[in-house]
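Contents: one structure, followed by commentary.
The values are calculated or read from the model by the stated rules, or taken from the named source; none is laboratory data. All values reported here derive from a predicted model rather than from experimental measurement. Note: ideal-geometry Cβ built from the backbone for every residue, glycine included; neighbour counts use all protein chains shown.
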Amino acid sequence: MISQFFVLSQRGDNIVFRDYRGEVQKGSAEIFFRKVKFWKDDGEEEAPPVFNVDGVNYFHVKVVGLLFVATTRVNVSPSLVLELLQRIARVIKDYLGVLNEDSLRKNFVLVYELLDEVIDFGYVQTTSTEVLKSYVFNEPIVVDAVRLQPLSPAAIFMQGTKRMPGTAVTKSVVANEPGGRKREEIFVDIIEKISVTFSSSGYILTSEIDGTIQMKSYLTGNPEIRLALNDDLLIGKGGRSIYDYRSSTGSGAVVLDDCNFHESVRLDSFDVDRTLSLVPPDGEFPVMNYRMTQEFKPPFRINTLVEEAGALKAEVIIKISAEFSASITANTIVVEMPLPKYTTRVSFGLEPGAVGQRTDFKEANRRLEWGLKKIVGGSEHTLRAKLTFSQESHGNITKEVGPVNMTFTIPMYNASKLQVKYLQIAKKSSTYNPYRWVRYVTQANSYVARI
Amino acid sequence: MAPPAQAHRSPSPSQPSGKGEVSDLKSQLRQLAGSRAPGIDDSKRELFKKVISYMTIGIDVSAVFGEMVMCSATSDIVLKKMCYLYVGNYAKVNPDLALLTINFLQRDCKDEDPMIRGLALRSLCSLRVANLVEYLVGPLGLGLKDNNSYVRTVAVIGVLKLYHISAPTCIDADFPPTLKHLMLNDPDPQVVANCLSALQEIWSLEASTSEEASREREALISKPVIYYLLNRIKEFSEWAQCLVLELVAKYVPLDSNEIFDIMNLLEDRLQHANGAVVLSTIKVFLHLTLSMTDVHQQVYERIKAPLLTLVSSGSPEQSYAVLSHLHILVMRAPFIFASDYKHFYCQYNEPSYVKKLKLEMLTAVANESNTYEIVTELCEYAANVDIPIARESIRAVGKIALQQYDVNAIVDRLLQFLEMEKDYVTAEALVLVKDLLRKYPQWSHDCIAVVGSISSQNVQEPKAKAALIWMLGEYSQDMQDAPYILESLTENWEEEPSAEVRLHLLTAVMKCFFKRPPETQKVLGAALAAGLADFHQDVHDRALFYHRLLQYNVSVAERVVNPPKQAVSVFADTQSSEIKDRIFDEFNSLSVVYQKVTTMSKIGFHH
C-alpha cells in the first residue's frame, strides 16, 4: 500500500505528483530529493533504493535519469513497490513511445490518467497496458525521438546498424502512425549482459550471462505466438531437467542455471520441445529471464602490461583482442583503468592509422579512459600510455593500478548461444504476414581484467 | 501543450506565486463555462491542462474551484477526468466548495456509461470531507451492486475511503459484511482482491475496540477463505497474487498433507518474472515448513536458483530488494549457500549498498573449503579504488580470520595489508591485527615484527592509532623501541585530538612501565601529568586513578593493569539471534531491508 507517487527530474522538480492517501506530508518530494542528493551515510556515496526519514519510507528507481518515487508509512514489501515503480515507468513508456522528461511534461495529463487507474487509494489495480487501454482516453503527444538521448534497451539497436528499424521501438502502443494505419509487427530481442573477471594471468575467475528475451508486440487482435528455443536447451545444473542424464559438457548444449517467465507464457510443451507459447499483451515485457554460469568464450581478451620506466615514470600497454567472427562489429567500447593517485600526466600513443578512438586522463579520479567507436571481429587494438608521477612508487606499481574495466555493445551476437529458432504467429488469414524482428545483442555488465 | 518552462521551478518566496496566472485562468474559464460553441471542449482541455500543471508544481489554484465545477458540465470524458483530479486535490481544503461538486458527481454516478459511473464514484469518495459522507452511502451501495466490474472495484475501494473519513458511517451502513460477501462470490478477481485489502484494513483497525472485528480478521486466515483464494490464484493479477500469498503465509495448516498441497499448488509461482510474487511465495514456503527441519532445508535449496536469477535480472533497485532477502537467508543458514559463494563476489559497477551486503554474505559462507578463494577475492577489493569498500573488505577478511578457518594464510594476508602503504588499508589492518591477537595470542611474534616496523606518524585514524598503541603496551617486552615510541607519542599529547587515543596511551604507558620500568619511568611521569591536566573528563579520571593506584601500592597496580590475560574465544555479535528470528518472521517486508523489526522502528501501523 503506497501513499504517494511522484516523478522528479534530475534537478529535483516535480513532473508529476499524486497523493493517494493523504497520510504523508506534502513536502515529501523535497525531503526525499535533499536526502538523495546529499546522501552520505557510513561511506556509501549513493542512497539505497529504500530508506526511512521520520517514519516515512521512500522508495525510488532511476529510469532514464528521472526518479520514480513512492512513499508509505506501512511496512510493505520493498520488492513489490520497487517492481511497481519500474512497471509504472514501463507502462508510461508504452504509451508515450519515448520516456524522458520532455515527453512526460508534454503528456502529464495522460500520465495522471494512467496513475489514477494503476493505483487506487494506495492499492495496485492494474499495470497491464492492455487493460489500461480501455480506461485511458488522452492521446499521447509524441515527442521527436531523434534529438533524444537513446535509452536502453531499445536504443542499443539503433546504433550503427541499418538492419534495425530504428523508430519502431520508440513507437507508442496507442498512438496511430502518421499514415493512419498501424504497421503489423513484433519485436523479439535477446539481450544478454555478460560479466567476466579475468585473473592477472588471463584465466577466467568468474563468468555469468544474464539474459532476457524481451518482446514488444504491435499486432492487432492478439494472435497466439509460439517461440521455439534451442531444442537441446538444458535448465538447472542437474536434478531439475528431464535431460539431466545427458552430460552437460562437451555436447555443445546450452545449459541455463535457471530461468523465469512472464505471466502470459504457457509452458505446456516446454519440457518436450522447448517451445514457449503466449498471447503477447500490448507493450514491452520480458518473456523470459535466464541466468547462465556455464563456461563460454568471452568476446574480448584483455592483455595489460604495466612497467616502471625510470624514476617517476611508468608505461602501460593495453591490448584488446576481439575473439568473435569478422562479420560482427562491437560498438561504443570504453576501456577504463585506475592509475596511481600520484599520477600527474599521461601521454597516449595509439596504433598507426587508428580511427574513431579517443583517449583521456580523468584527473579527478585518476583514471585512464580509452574509447573506441567500433571493433571488428578478429581484430586487435593496442594502447600505450606513458605515466608521469609526482612521487616515487613504493616498489610494486602493479598494486597501485587497475583493474581494467571494459564496457561494450555487440549487436547480432550472443555469448550463450541461446537462440529463437522460430517465431510463429497464429495465422488469421493466408495474407496475414506481419513483420517479425528477432534481434540479438550482448552488453558488458562487469567485464574486468585484474593486473 | 506544455506548461510554461519558467513555472517548473518549485515555488520559493522570491518567485511570483502565480497569482496573476490564476486570475487569468479564472476569467478564461468563466468565458468558456456557459459557451456551447463547437470545438469548445478543445479549448477547455487546454485550460484544464494549465490548471493541472500549476497544481503539479505547487501553485495554489484552489481559487478557480467554482469555475472548474461550472465547466465540468460536459460529456467529454477527458475533461471530466481532469476535473475529477482537480476536485479531489482541493475538496479537502475547500469543504464548502466541495458541496458544489456533489451534485454533478452524484448525477454522473448514474450515467449509463460504466466508465463514467466508476470515475464519478471514485472522485466522490476521494473528496475526503467529513460532512459530506451522507452523500456517499447511497452511490456506494449501488456501486457495489453494479453489474459492471470496473464500477464494483471502484466501489469496494470507495468503502475503504469512506471508512477513513467516517468509520461509524461505514460500519452503520453494513458495508464490511457486503464486502465479505463480494470477496467470496464476485466473479471478478480484482473486486475480490480489493475486498480483501479493504477488509484487512478495516478489521485490523476495528479489532482494537470490537471483538467481532477481531474474529472477522481471524476468519480471513481460516481454511475455507484461504482455499477459496488459493484455488483462484492464477486468475489474480500479479499484484493481487502477492496480496493473497501474504495472507496465506499467516495460515496455519492442520497437517503436513495440507502443507504439501499448498506448496505443490504454488510451486510454479517461483518461476514468475515478478520478484514480489516470488518473494511472497518463498515466504509461504518458509513459514509453512518452519517446524519440519528437513523440508525447510529443501525449501532453501529450492529457492536458491530463483532468488539468484532475480538478483541478476531486472533493475539494480529490484535486485537490491531481492538481495536483501537472500542476505537474511544466507545469515540464517550459511552452510546451504557455501558452494554459491562466487555469486556474492562484487562486480565492478555495483553500488556500494549492494557490495556491502555481498561482503557480509561472503563472510558468512566462508568455511574450510572456500576460505582460501574468498579471502583471495577480498584481498583484490582491498586494493580497490573504492575506499569504503576496500575498508569493508579488510574487515571481512578479519572476521573470517576470527571464524578460525585457515588462520595461517589469513594472518599472512593481513600482514601484507600493513605493507601496502595505503593509509586506510594500514589503519583497518591494524585494528584487525589487534582483534586477532586478542583471540590468537600465539601469533604475536609474527604480527609484532610487522607492526613494529610501522611508523606511528603514518597512522592518523583514531581507531587504528589506538590499536597500535594497545599493541605497543601489550607487547612492549617484544618490541624493542616500544618505550621510545610511547615517549614520542606522549610528547605530542597536546596535539592528539582523540580522547580514545589518549586513554589508550595512558594505559599503554602503564603496561610498558611494569614490563620495562627503567626505560619507561620518565614517560610515565609525563603521561600522568598530561592526563591529570587533560580537559577530557574520562582521560583526567583515568590518569587520577592510575596515579592513586601507584601511590597506594605498585604491585596491586600491576595486577590491575597487567593481569594475566585469557584469549577471547568469541566476540559479541552485533545483532542478537532473537532479532534475526523476528526479522525472518517479517520476511518480504521493509524490516529485512532495514535489518530492524517493526516494533523497533517507526514503520508500520498495521501489517
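In the condition set (1) over 30 Å from B:Met263 (Cβ atoms); (2) away from chain A (no Cβ under 14 Å); (3) in a helix (DSSP H, G or I), B:Leu160 is compliant with all but (2). Note on region A:188-231: residues that are free of Cβ contacts under 8 Å to residues at least 40 places away in the same chain and farther than 30 Å from B:Leu378 by Cα amount to 1. Every listed requirement among (1) of a type outside the set (A, V, I, L, M); (2) modelled with pLDDT under 90; (3) loosely packed, with under 11 Cβ neighbours inside 10 Å; (4) part of a helix (DSSP H, G or I) is met by B:Phe584 save one, (3). If B:Ser291 satisfies all but one of (1) within 10 Å of chain A (Cβ to nearest Cβ); (2) surrounded by fewer than 20 Cβ atoms within 10 Å (Cβ to Cβ), what's the number of the condition it fails? It fails just one condition, (1).
Looking only at residues in region B:366-405 that are among the acidic types (Asp, Glu) and either buried (at least 18 other Cβ atoms within 10 Å of the Cβ) or in contact (Cβ under 8 Å) with a residue 40 or more places away in the chain (or both), the one that is farthest from B:Asp340 (Cα to Cα) is B:Asp386. Of the helices (runs of 4 or more DSSP H) lying entirely inside region B:234-331, those containing at least 2 residues that are more than 23 Å from the chain's Cα centre (by Cα) and under 25 Å from A:Asp257 (Cα atoms) are B:256-266, B:293-312.
Could you check, for region B:509-517, whether at least one of its residues is outside any helix (DSSP H, G or I), modelled with pLDDT of 90 or more and within 14 Å of another protein chain (Cβ to nearest Cβ)? If you could, list the steps in order and put the result at the bottom.
Keep residues of region B:509-517 that are outside any helix (DSSP H, G or I), which gives B:516.
Next, from what is left, pick out any that are modelled with pLDDT of 90 or more: B:516.
From what is left, the residues that are within 14 Å of another protein chain (Cβ to nearest Cβ) are none.
No, region B:509-517 has no match at all.
Residue pairs, Cβ under 6 Å, 6 or more apart or interchain, first in region B:529-553 and without any contact (Cβ under 8 Å) to a residue 12 or more places away in the chain and assigned by the TED database to the domain that holds B:Met510, second buried (at least 20 other Cβ atoms within 10 Å of the Cβ) and among the charged types (D, E, K, R). List them. Here the result reads B:His540/B:Asp534, each pair linking region B:529-553 to a residue that is buried (at least 20 other Cβ atoms within 10 Å of the Cβ) and among the charged types (D, E, K, R). Counting the residues of region A:291-322 that are away from every other protein chain (no Cβ under 14 Å) and within 24 Å of the chain's Cα centre (by Cα) gives 8.
Need a quick list: strands (runs of 3 or more DSSP E) entirely within region A:388-451 having at least 1 residues that are of a type in the set (Gly, Ala, Ser) and more than 18 Å from the chain's Cα centre (by Cα). Reasoning before the result, please.
Working: elements: A:404-411, A:420-425, A:435-449.
Counting at least 1 such residues, we get A:435-449.
Tell me, yes or no, whether region A:335-352 has at least one residue that is in the same structural domain as A:Thr304 (by TED's automatic domain parsing), in a loop (DSSP other than H, G, I, E, B) and over 24 Å from B:Glu421 (Cβ atoms). Lay out the reasoning, then the answer.
Quick first cut of region A:335-352, residues in the same structural domain as A:Thr304 (by TED's automatic domain parsing) only: A:335-352.
From what is left, the residues that are in a loop (DSSP other than H, G, I, E, B) are A:339-342, A:351-352.
Next cut, over 24 Å from B:Glu421 (Cβ atoms) only: A:351-352.
Taking every residue of region A:335-352 in turn, at least one turns out to be in the same structural domain as A:Thr304 (by TED's automatic domain parsing), in a loop (DSSP other than H, G, I, E, B) and over 24 Å from B:Glu421 (Cβ atoms).
Going by the structure shown, is B:Leu243 of a type in the set (A, V, I, L, M) and buried (at least 17 other Cβ atoms within 10 Å of the Cβ)? Don't jump to the end; show me each part of the working.
Details: of a type in the set (A, V, I, L, M): yes; buried (at least 17 other Cβ atoms within 10 Å of the Cβ): yes.
Yes: the conditions hold for B:Leu243.
Considering every residue within region B:252-266, establish whether at least one is touching a residue at least 12 places away in the same chain (Cβ under 8 Å) and touching a strand residue (DSSP E or B) at 6+ places or on another chain (Cβ under 9 Å). No, every residue in region B:252-266 fails to be touching a residue at least 12 places away in the same chain (Cβ under 8 Å) and touching a strand residue (DSSP E or B) at 6+ places or on another chain (Cβ under 9 Å).
Comparison of B:Val192, B:Val151, B:Val129 shows that the only residue that is within 14 Å of chain A (Cβ to nearest Cβ), buried (at least 18 other Cβ atoms within 10 Å of the Cβ) and over 29 Å from B:Leu220 (Cβ atoms) is B:Val129.
Within region A:364-386, can one find any residue that is surrounded by 13 or more Cβ atoms within 10 Å (Cβ to Cβ), of a type outside the set (S, T, N, Q) and modelled with pLDDT under 90? The answer is yes; a qualifying residue exists.
Picking from residues in region B:105-126 that are surrounded by fewer than 24 Cβ atoms within 10 Å (Cβ to Cβ) and touching a Cys at 6+ places or on another chain (Cβ under 9 Å), the one that is farthest from the other protein chains (Cβ to nearest Cβ) is B:Arg117.
With region A:1-118 as the region, which helices (runs of 4 or more DSSP H) entirely inside it contain at least 2 residues that are facing chain B (nearest Cβ under 7 Å)? It would help to see each step written out before you state the result.
Details: elements: A:28-37, A:78-96, A:101-106, A:108-118.
In region A:1-118, A:78-96, A:101-106, A:108-118 are the helices (runs of 4 or more DSSP H) which contain 2 or more residues that are facing chain B (nearest Cβ under 7 Å).
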